[in-house]
Amino acid sequence: MLAAVTALALAMPAIIPVPLSVTPEAGAFTFDEATKIVAHGDLDPIADRLRESLSPATDFPLKAASSATKNAVVISYNPKLTWLSDEGYRLSVTPDLIEIQAKSAAGAFYGVQSLRQMLPSDTFRSAPIGKGPWKVPCVRIEDEPRFKWRGVMLDPVRHFLPKDWILKFIDLIALHKLNTLHLHLTDDQGWRMEIKRYPRLTVVGGWRRETVVARNTPVYDGKPHGGFYTQEDLREIVAYAKQRFVTVVPEIEMPGHASAAIAAYPSLGNIDTRLEVKREWGVSENIFNVEDSTIEFLQGVLEEVVAVFPSEFIHIGGDEAPKAQWKASPAAQSKMRALGLKDEDALQSWFIGQMNTWLTARGRRLIGWDEIAEGGLPPGVTVMAWRGIPKGVAAAKAGHDVVMAPTSHTYFDYYQAEPSSGEPLAIGGFTSLAKSYEMEPVPRELTKAQGKRVLGVQAQLWSEYMVSPSHVEYMAFPRLCSLAEVAWSDPSRRNFDDFLERLNHNLPRLAALSVNYRPLEGLPHPFDDFAFDHGPRAAAPGAVPVPPRAKPRGPSRDTKPRKT
Ligand code: TNX
């Protein structure tokens, strides 16, 4: 009886996303100078990640050992955990030993992330600040993810994001067991991936001469903005992500959101007027033409993309492509007739089909925003549903794999509190933390088989109004913690109040990691003196909220902002 009462009183660990099963036990394991890490099989890199994360703050060497029965973290494969899926793990903490067992290296990595979240938040610091002891409460955890696509999209086009910050962000998402980083690399306002055979894409398309102020006002900031990633930068990002079990999915937009590419290579467009890299936000009429040479050009781009990104999926955009220019273009119209297509939507389907055939032949899978379904879709194509969950439902019913990325719950460029409450300027909308938590990616109307088509969920961080990495962090956190739980945790384990309690332990970890998260309202805040960079919040009453402009950042290569 007493034991039962004690067990009840034991605190549940504050792990986000909440694990499948957690059994707290009495006692604690204490890390010290002599604690070893044992990695069996080929799991040394997982031990390395654990050491890298704990050694700086604890100042303990956490040396490798080939075996240990006491004062060690033992990481091993256990193929007998048959009831867990591939990425599952078992974590057991006793006063003597911490054991992480998994069916795969990914599972072992996730066990390590849970372990990190059971240590005091000061273990997330980069140097020792003399606190301790570093105790982990005893527990038995068995855990596995609900979905295989646990994603987040970054938009380094609208405002450039330096490579080092992307690496920081990868660490943050991996800590929350997210596993897919979708990089939106091209758009009207910039082209951010070096393409060796088409250097003008970044030399010209990598820079805009200035940026419109606030929401497409008549005012421009007069400052060049841009930057791009070399292929080596991107390989580094891919490799760093891989070490943390994050797959980087590149997006090259077509046929719309193409102004930067057309500014660099005018023959890709439909009209004679020279374009510049776009300085405003929104949907542009300027889309790629449907010439064979343009299809070949884009396949040439994809050839370099697949060489850099080993991901199964390649994202080809496909959203918001107005068809006015194709309607007005004699060349596009004659192509449409020659192909026997009934309208411009079908022509877009043909366009996407060309890319699908090309990617499929190379063992890759095409994914695109849900508009790609408008003129009919070739089988095997995956749909990223952004215009609402029903778009994803329709695609799943039509037999396509789907990633749920609806504006309603996953657009973290939307306000997270009432705009009047002093939030920095955002694109609009309102997706509170509670709302993002509420999402159900597999609506009831899907049969079991159709439900399996839902590969997972993804958050979007479109950055028209996120002018710096710290501003992206402010919009991302804590909503990404909530999305991670939607993506990973079993619905039976999800409870918003419980999540908030765990989040209250997670935020000091994020603070130690220098994350500019948005503080929770109405909850005790453990570090009121933390210096938040709230950017535009400081605007004078009544002033038009003008986001501070980031300095044009970019590689210190021999490219210069273009003077137009
Ligand atoms: C629509 S979502 C877009 C983006 C914008 C975003 C802003 C999608 C596939 N296209 O180009 O940045 O809205 O919320």
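Pairs linking a residue in the stretch 269-285 that is of a type in the set (D, E, K, R) to a residue that is within 11 Å of the ligand (Cβ to nearest atom), with Cβ atoms under 7 Å and 6 or more positions apart or on different chains, are Lys278/Asp188; Lys278/Gln189; Lys278/Ser284. Selection of first residues in the stretch 376-391 that are more than 9 Å from Pro406 (Cα to Cα) and of second residues that are open to solvent by 40 Å² or more (accessible area, probe 1.4 Å) and of a type outside the set (A, V, I, L, M), restricted to Cβ pairs under 7 Å at least 6 apart or on distinct chains, gives the following pairs, ordered by first then second residue: Gly380/Thr360; Gly380/Arg365; Thr382/Arg365.
Which condition does Gly353 not pass, out of (1) open to solvent by less than 10 Å² (accessible area, probe 1.4 Å); (2) closer than 16 Å to Thr382 by Cβ, if it passes all the others? Looking at each condition in turn, Gly353 falls short on (1).
Taking the stretch 297-313 as the range and being open to solvent by less than 30 Å² (accessible area, probe 1.4 Å), away from the ligand (no atom under 16 Å from the Cβ) and either aromatic (Phe, Trp, Tyr) or under 24 Å from Lys148 (Cα atoms) (or both) as the test, the residues that pass are Phe297, Val305, Val306, Val308, Phe309, Ser311.
Among the residues of the stretch 122-164, the ones that are of a type outside the set (D, E, K, R) and more than 16 Å from the ligand (Cβ to nearest atom) come to 19 in all.
Picking from residues in the stretch 386-412 that are more than 16 Å from the ligand (Cβ to nearest atom) and assigned to a helix (DSSP H, G or I), the one that is surrounded by the most Cβ atoms within 10 Å (Cβ to Cβ) is Ala396. Considering only residues in the stretch 48-59 that are without any contact (Cβ under 8 Å) to a residue 40 or more places away in the chain and not acidic (Asp, Glu), the one that is most open to solvent (accessible area, probe 1.4 Å) turns out to be Arg51. Could you check, for the stretch 413-426, whether at least one of its residues is of a type in the set (A, V, I, L, M, F, W, C), within 13 Å of the ligand (Cβ to nearest atom) and closer than 20 Å to Arg518 by Cα? The answer is yes, given that some residue of the stretch 413-426 is of a type in the set (A, V, I, L, M, F, W, C), within 13 Å of the ligand (Cβ to nearest atom) and closer than 20 Å to Arg518 by Cα.
When you scan the stretch 181-192, do you find a residue that is farther than 14 Å from Ile252 by Cβ, more than 14 Å from the ligand (Cβ to nearest atom) and open to solvent by less than 10 Å² (accessible area, probe 1.4 Å), even just one? So that I can check it myself, show each step before the final result.
At the first step, the residues of the stretch 181-192 found to be farther than 14 Å from Ile252 by Cβ are 181, 189.
Pick out the ones that are also more than 14 Å from the ligand (Cβ to nearest atom) and you get 181.
Checking the rest, the ones that are also open to solvent by less than 10 Å² (accessible area, probe 1.4 Å) come to 181.
The answer is yes, given that some residue of the stretch 181-192 is farther than 14 Å from Ile252 by Cβ, more than 14 Å from the ligand (Cβ to nearest atom) and open to solvent by less than 10 Å² (accessible area, probe 1.4 Å).
When the stretch 122-153 is filtered for residues that are touching a Pro at 6+ places or on another chain (Cβ under 7 Å) and open to solvent by less than 10 Å² (accessible area, probe 1.4 Å), the ones remaining, listed by number, are Cys138, Val139, Ile141, Asp143.
Candidates Asp48, Asp86: the one that is closer than 17 Å to Pro19 by Cβ and under 26 Å from the mean Cα position of the chain (by Cα) is Asp86. Among the residues of the stretch 193-218, those that are within 16 Å of the ligand (Cβ to nearest atom) and among the basic types (Lys, Arg) comprise Arg208, Arg215. Taking the listed residues Gly151, Gly205, the one that is touching a strand residue (DSSP E or B) at 6+ places or on another chain (Cβ under 7 Å), part of a strand (DSSP E or B) and not acidic (Asp, Glu) is Gly151, with no other qualifying. For the stretch 266-296, a tally of residues being open to solvent by 20 Å² or more (accessible area, probe 1.4 Å) and assigned to a helix (DSSP H, G or I) returns 5.
Entry remark, the stretch 69-123: residues being in a helix (DSSP H, G or I) and either free of Cβ contacts under 8 Å to residues at least 12 places away in the same chain or hydroxyl-bearing (Ser, Thr, Tyr) (or both) number 4 in total. Restricting the search to the stretch 321-344, which residues are in contact (Cβ under 8 Å) with a residue 24 or more places away in the chain and open to solvent by 60 Å² or more (accessible area, probe 1.4 Å)? Ala328, the sole residue that qualifies. As a summary of the residue check, Ile427 satisfies the conditions (1) over 20 Å from Lys148 (Cα atoms); (2) in a loop (DSSP other than H, G, I, E, B); (3) open to solvent by less than 40 Å² (accessible area, probe 1.4 Å) except for the one numbered (3).
Out of the stretch 208-248, which residues are among the hydroxyl-bearing types (Ser, Thr, Tyr) and open to solvent by 50 Å² or more (accessible area, probe 1.4 Å)? Can you show your working first?
Taking the stretch 208-248 first, the residues among the hydroxyl-bearing types (Ser, Thr, Tyr) are 211, 217, 220, 229-230, 240, 247.
Passing the criteria: Tyr220, Tyr240, Thr247.
Among residues of the stretch 245-265 being part of a loop (DSSP other than H, G, I, E, B) and either within 12 Å of the ligand (Cβ to nearest atom) or on the phi < 0 side of the Ramachandran plot (or both), the one that is nearest to the chain's Cα centre (by Cα) is Val246. Scanning the stretch 8-47 for residues that are closer than 25 Å to Thr69 by Cβ, open to solvent by 60 Å² or more (accessible area, probe 1.4 Å) and not in a loop (DSSP other than H, G, I, E, B) returns Thr23, Glu25, Ala26, Lys36, Asp44, Pro45. Among the residues of the stretch 332-378, the ones that are at pLDDT 95 or above, over 23 Å from the mean Cα position of the chain (by Cα) and within 16 Å of the ligand (Cβ to nearest atom) come to 2 in all. Number of residues in the stretch 429-479 that are of a type in the set (A, V, I, L, M, F, W, C) and more than 16 Å from the ligand (Cβ to nearest atom): the value is 9. Report whether or not Tyr517 is under 30 Å from Asn216 (Cα atoms), more than 16 Å from the ligand (Cβ to nearest atom), within 17 Å of the chain's Cα centre (by Cα) and not in a helix (DSSP H, G or I). Considered against the rule, which asks whether it is under 30 Å from Asn216 (Cα atoms), more than 16 Å from the ligand (Cβ to nearest atom), within 17 Å of the chain's Cα centre (by Cα) and not in a helix (DSSP H, G or I), Tyr517 comes out as yes.
The values are calculated or read from the model by the stated rules, or taken from the named source; none is laboratory data. Just so it is clear, the model here is predicted, and its values are computed rather than measured. For neighbour counting, all protein chains shown are included, and Cβ atoms are generated from backbone atoms with ideal geometry for every residue, glycine included. Just the protein is used for accessible areas: all its heavy atoms, side chains included, with ligands, DNA and RNA removed. Shrake-Rupley method; radii C 1.70, N 1.55, O 1.52, S 1.80 Å.
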